[in-house]
Amino acid sequence: MASRYLPVIVILLVGALSSIVLLFLSSSPTKHIRPICTNETDIWDSNHGTARTPAGYPARGVIYAVASMEQGHDKAALLLDYTFRAAELATHYAPGLFATLFTDKALFNEYVQTHQIQTTRPFAQVVFFEDKLNEPLSSTTQNTSWTGQKIPSIWLKKIVSFQHTPYPLTAFLDSDTCFCGPEGVEKLFNVLAKGGDIAYILEKDAPSPSYRNISLEFPERNTGVVVYHTNAQVRRLLRLWERHFLRALRTGLRHQHDQASLREALYDINAEANEDIGHPSSTPAQVSEVILRHRRDVCRGYGHRKRNRCRTSTSEEGGPGCSEQCWIVHEKCECWAQKPNWGYHRRRPEGAAPPPPRPL
């Protein structure tokens, strides 16, 4: 008699156990951030601090880097807001463009918890510097301040992000950049279509001190907007860039930013290629540079008049760079004029277009 009701009892017990498990899971405080598109993008897992990446990456993409600062997370967290906005504008102008954010684990986790972020949109992937560095930064940089606001670890992390891009054709963009329209995105990515390994503008300011005699006619390259192929020549350049940066740290050479060590690396590669031109089999290929134009391709270095225009122009007129048909602007005056409040990127409806850069 008891054996007749045994299957029924088993079914009831299994059902009760399943209900308990579902109730427990629904009340669990563990939060997972929603991806942009299921099975198409990386899914940020705030519980395990990792990102699950797709099997392959698109041929091109943009990367941004935001690192913690010596004074704490406040300023870096605001930079994250600006960076989300910059990436959102880029992916709005170029639908389907992938964007990757490199940042610190503690900084991003705090940002997620503070602003209740539910999605990484517009970023398809979030990469932690801690997972990419070969050694702890504390033993490398010793938190030594150079400029009073920026510490060496910020620049080293920027170089690391260049090295670990997932895209064969990459555009690295600083947080204070903004595209002026869809045409600007396409023109920037096509700048290497006719040849060249890496593209940027030349720095107008005098180079930082060097530990050897490099001519002042060999200027620094601005690393706020850089387009590059991840080929063998560029990978070697990026390794040399890191090596020169660490050498400057260990010898006490006070570079003002990361650009001085890139200049050293480019000088090395060019010198080696020129010295051994008669022995191509043993010569590393010279990096082929494309120099972008200051006031047509990348608008940067506004003078007093343009800065005043930033402050007086209406939102319909746009800032001076975009109104002059630049591809992309690299100026806080124009790109940061409309300050995003905390969690700016979360408050717009799904699919709504971000507002264009506006002056103060």
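Details
- Computed extension gain for residue 130 through residue 272, at 0.36 nm per residue and net of the alpha carbon distance, reaches 47.8 nm.
- Taking each of 105/204; 75/306; 75/187; 194/306; 157/187; 132/194 in turn, the alpha-carbon distance tops 30 angstrom for 105/204; 75/187; 194/306; 132/194.
- Sites residue 247 and residue 312, calculated FRET efficiency, Cβ-Cβ separation with R0 41 Å, nearest 0.05: 0.35
- Subtracting the Cα-Cα distance of residue 305 and residue 235 from their residue separation scaled by 0.36 nm leaves 21.2 nm.
- Ordering of 116-127, 211-222, 297-308 by packing is 116-127, 297-308, 211-222, highest average first (other Cβ atoms within 10 Å, averaged per residue).
- One way to sum up the overall shape of region 165-257 is the equivalent ellipsoid from its Cα gyration tensor, whose semi-axes run 27, 16, 13 Å, largest first.
- Computed Kirkwood radius, in angstrom, where 1/r is averaged over Cα pairs of region 153-194: 12.0
No lab work stands behind these numbers, since they all come straight from the coordinates. Computed from a prediction, not measured in an experiment: that's the story for all the values here. With ideal geometry, Cβ positions are generated from the backbone for all residues, glycine too; neighbour counts draw on all protein chains shown.
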